[in-house]
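Contents: one structure, followed by commentary.
The values are calculated or read from the model by the stated rules, or taken from the named source; none is laboratory data. Predicted model, so just to flag it, every value in this text is computed and none were measured. Backbone-built Cβ (ideal geometry, glycine too); neighbour counts: all protein chains shown.
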Amino acid sequence: MFSPTLLAGKVALITGAGTGLGRRMAERMAAVGAHVALVGRRPEPLAATAAAIAAAGGPEAVPFPADIRKVDEVAAAVDAAAARFGRLDILVNNAAGNFICPAEKLTPNGWNAVINIVLNGSFYCSRAAFPHLARSGGSILNILAAYAWLAGPGTLHSACAKAGVMAMTRTLAVEWARYQIRVNAVCPGPIHTEGTDKNLWSAVPNLEARVTRQVPMRRLGTPDEVADGALFLSSDLARWITGQILPIDGGHWLGNGVYDWHPELGEAGADG
């Protein structure tokens, strides 16, 4: 679908690039020519991602360990990446933190942990990348979740953080358009990753089956499917698209309609 030179000569900085969706986006961007700056808190997963990209014959991928909750570390990592590669064209704010917790049991520390990673971290990275992106006419891609605008019981902290990032996406798209910086977001639905398979789908009995019933296309997604959308919005194929949010979720956020009627069942369905 994508030219192998789609991002040739471009430099992408991806947070949370050591595992899961962040790693897959890094691999896919490298596969179409991008040099990749890998940012994350733990050096070992970043090194593994860099090694995988090198083994696949991709352009240079370099780890820049940093805690995105810390402004100084973010600024140092972004500037070091721009200095190493000579430019910065794409920022992907992928790093996130989440856990299920009823609001009445959510502690201030738990609240702050997620807000600091998702909302504050996305701002710190965007602000640090701004002068470099302004020079290149680059783009920012944020990663959202549908509960940013829908109800998501047990995810108050993450929903509020993602809602803030959604507002940031649209606000910066307008404010930084004069610098030819595009700002968009993708909103993945329930997907299979190493982390979700271990901590979610296999940890909660029947959860995958129940969630799959809520997806009109009747399956969970894959990191590749999310990476395709991320790659499109980050490339010049989307050069006149900004301020947009692309759900990649098999229709999950739409639900199953008012009556939740499924022809294959012959009746209105209910989660069982």
Sole exception among (1) in contact (Cβ under 8 Å) with a residue 40 or more places away in the chain; (2) more than 25 Å from Pro188 (Cα to Cα) for Ala83, by number:
(1)
Among the residues of the stretch 79-102, is there at least one that is of a type in the set (A, V, I, L, M, F, W, C), surrounded by 16 or more Cβ atoms within 10 Å (Cβ to Cβ), within 13 Å of the chain's Cα centre (by Cα) and more than 25 Å from Gly9 (Cβ to Cβ)?
yes
Before we move on, is Ala31 surrounded by 15 or more Cβ atoms within 10 Å (Cβ to Cβ) and free of Cβ contacts under 8 Å to residues at least 24 places away in the same chain?
no
Write out, first by first residue and then by second, each pair whose Cβ atoms fall under 8 Å of each other, whose residues are 6+ apart or on separate chains, and whose first residue, in the stretch 115-130, is touching a residue at least 60 places away in the same chain (Cβ under 8 Å) while the second is assigned to a helix (DSSP H, G or I).
Gly121/Val74; Cys125/Val74; Cys125/Val78; Ala129/Val78
Within the stretch 215-228, the count of residues that are assigned to a helix (DSSP H, G or I) and crowded, with 19+ Cβ neighbours inside 10 Å comes to 3
Counted residues in the stretch 123-163 being under 27 Å from Ala238 (Cβ atoms), among the β-branched types (Val, Ile, Thr) and either part of a helix (DSSP H, G or I) or touching a Phe, Trp or Tyr at 6+ places or on another chain (Cβ under 7 Å) (or both) come to 0
Quickly run through the stretch 193-209 and pick out the residues that are more than 14 Å from the chain's Cα centre (by Cα) and part of a loop (DSSP other than H, G, I, E, B).
Ser202, Ala203, Val204, Pro205, Asn206
In the stretch 245-269, which residue that is modelled with pLDDT of 90 or more and hydrophobic (A, V, I, L, M, F, W, C) is surrounded by the fewest Cβ atoms within 10 Å (Cβ to Cβ)?
Leu254
Find all pairs meeting these conditions: Cβ atoms under 6 angstrom apart; at least six residues apart or on different chains; first residue within the stretch 165-189 and among the small types (Gly, Ala, Ser); second residue surrounded by fewer than 19 Cβ atoms within 10 Å (Cβ to Cβ) and at pLDDT 95 or above.
Ala173/Gly243; Ala185/Ile245
Given the condition buried (at least 17 other Cβ atoms within 10 Å of the Cβ), modelled with pLDDT under 95 and either in a helix (DSSP H, G or I) or among the β-branched types (Val, Ile, Thr) (or both), answer yes or no: does some residue in the stretch 44-62 qualify?
no
For the stretch 125-154, the count of residues that are surrounded by 24 or more Cβ atoms within 10 Å (Cβ to Cβ), more than 13 Å from the chain's Cα centre (by Cα) and not hydrophobic (A, V, I, L, M, F, W, C) equals 2
So which residues in the stretch 1-41 are in contact with an Asp or Glu (Cβ under 7 Å, 6 or more places away or on another chain) and either part of a strand (DSSP E or B) or closer than 16 Å to Ser126 by Cα (or both)?
Val11, Ala12, His35
Take the stretch 71-122 and flag every residue that is closer than 15 Å to Gly16 by Cβ and either in a loop (DSSP other than H, G, I, E, B) or acidic (Asp, Glu) (or both).
Glu73, Asn94, Ala95, Ala96, Gly97, Asn98
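Conditions (1) among the aliphatic types (A, V, I, L, M); (2) over 19 Å from the mean Cα position of the chain (by Cα); (3) under 25 Å from Ile191 (Cα atoms); (4) surrounded by fewer than 18 Cβ atoms within 10 Å (Cβ to Cβ), marked per residue:
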residue	(1), (2), (3), (4)
Ser3	no, yes, no, yes
Ala12	yes, no, yes, no
Gly22	no, no, yes, no
Arg41	no, no, yes, no
Taking only pairs six or more apart or across chains, which ones have beta-carbon atoms under 6 Å, a first residue in the stretch 140-154 that is closer than 17 Å to Asn184 by Cα and without any contact (Cβ under 8 Å) to a residue 60 or more places away in the chain, and a second residue that is in a strand (DSSP E or B) and of a type outside the set (Ser, Thr, Tyr)?
Ile140/Leu91; Ile140/Val183; Asn142/Asn93; Asn142/Ala185
